[in-house]
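These notes concern the structure reproduced below.
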Amino acid sequence: MAVTNPYQAYRQNSVTTASPGDLTLMLYNGCLKFILQAKNAIELKKIEDKNINIQKAQKIIQELMVTLNMEFPVSQSLMPLYDYMNRRLVEANIKNDIVILNEVEEMVTEFRDTWKEAIKINRQKQHGSVDNG
């Protein structure tokens, strides 16, 4: 199927050519986008839009959960945090609660920023430009 919209073609290409680390970063950013849209929908009393966006954020958290390699201790530490965020998103959806969405947004932002820094450090190591001093 040919993609006629250049933006869609760019987005599709960026996903198919991204590294696993970049894909994870995209997931975090997407989750943050959907949380923001859900908060806006609550403020505008657009309950259906709120529900759709929170569910999209939940699907991203669930994808992060199923892709964890549980052989690594860090994954064993992340799983309960992802589970907590997922449960809080359910609660925010039921209660139309922006405060809960803010809490999850802060957590996802912290994960995203840490992940971004890890990618940066990894790329520096791969390219030999790390300052060892």
Kindly provide the set of residues from region 81-133 that are of a type in the set (Ser, Thr, Tyr) and under 16 Å from the mean Cα position of the chain (by Cα), ordered by number. TYR82, TYR84, THR109, THR114
Unique residue being in contact (Cβ under 8 Å) with a residue 12 or more places away in the chain, among the aliphatic types (A, V, I, L, M) and in contact with a Phe, Trp or Tyr (Cβ under 8 Å, 6 or more places away or on another chain) when the list is VAL104, VAL90, VAL108: VAL108
Would you tally the residues in region 40-89 being assigned to a helix (DSSP H, G or I) and either under 20 Å from PHE111 (Cα atoms) or aromatic (Phe, Trp, Tyr) (or both)? 31
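Residue-wise test of (1) modelled with pLDDT under 95; (2) surrounded by 12 or more Cβ atoms within 10 Å (Cβ to Cβ); (3) within 18 Å of GLN37 (Cβ to Cβ).
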position: GLN58; (1), (2), (3): no, yes, yes
position: MET65; (1), (2), (3): no, yes, no
position: PRO80; (1), (2), (3): no, no, no
position: ASP83; (1), (2), (3): no, yes, no
position: ARG88; (1), (2), (3): no, yes, yes
position: ALA92; (1), (2), (3): no, yes, yes
position: ASP97; (1), (2), (3): no, yes, yes
position: GLU103; (1), (2), (3): no, yes, yes
position: VAL108; (1), (2), (3): no, yes, yes
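The values are calculated or read from the model by the stated rules, or taken from the named source; none is laboratory data. All figures in this text were calculated on a predicted structure; none of them were measured in a lab. Here the Cβ is made from the backbone with ideal geometry for all residues, glycine too, and neighbour counts use every protein chain on show.
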